[in-house]
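Comments concern the structure below.
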Amino acid sequence: MNSFVWLGLTVLLVVGVVLAGLGPKGGKPVGRTRLMKVARVVLIAGIILCGALGVFSALRP
């Protein structure tokens, strides 16, 4: 498999963990704080922005 496939799978795994609010055992609980909510919003906005840029660049001849 290409290195970009592995990188993409890693990014998807990290995004899933962040959005689910999971953390390591014994870690500080930050999943329900305002900082984590803002981080999720920024992450989702970044995904939408990158997706839109990819779609627009694919549509442009």
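So in the stretch 10-35, with the set limited to residues that are in contact with a Lys or Arg (Cβ under 8 Å, 6 or more places away or on another chain) and aliphatic (A, V, I, L, M), which one is least open to solvent (accessible area, probe 1.4 Å)?
Checked the stretch 10-35; the qualifying residue least open to solvent (accessible area, probe 1.4 Å) is 18.
Could you please find all residues in the stretch 13-61 being in a loop (DSSP other than H, G, I, E, B) and among the β-branched types (Val, Ile, Thr)?
Of everything in the stretch 13-61, those that are in a loop (DSSP other than H, G, I, E, B) and among the β-branched types (Val, Ile, Thr) turn out to be 30, 33.
Pairs please, first residue from the stretch 1-18 and within 17 Å of residue 31 (Cβ to Cβ), second anywhere and open to solvent by less than 80 Å² (accessible area, probe 1.4 Å), Cβ atoms under 7 Å, 6+ apart in sequence or on different chains.
Sorted first by the residue in the stretch 1-18, then by its partner, the pairs are 15/43; 18/40; 18/43.
The values are calculated or read from the model by the stated rules, or taken from the named source; none is laboratory data. Keep in mind it's a predicted model, so treat the numbers as computed, not measured. When we count neighbours, we look across all protein chains shown, and the Cβ atoms used for this are built from the backbone with ideal geometry, even at glycine. With ligands, DNA and RNA removed, areas are computed over all heavy atoms of the protein, side chains included. Shrake-Rupley method; radii C 1.70, N 1.55, O 1.52, S 1.80 Å.
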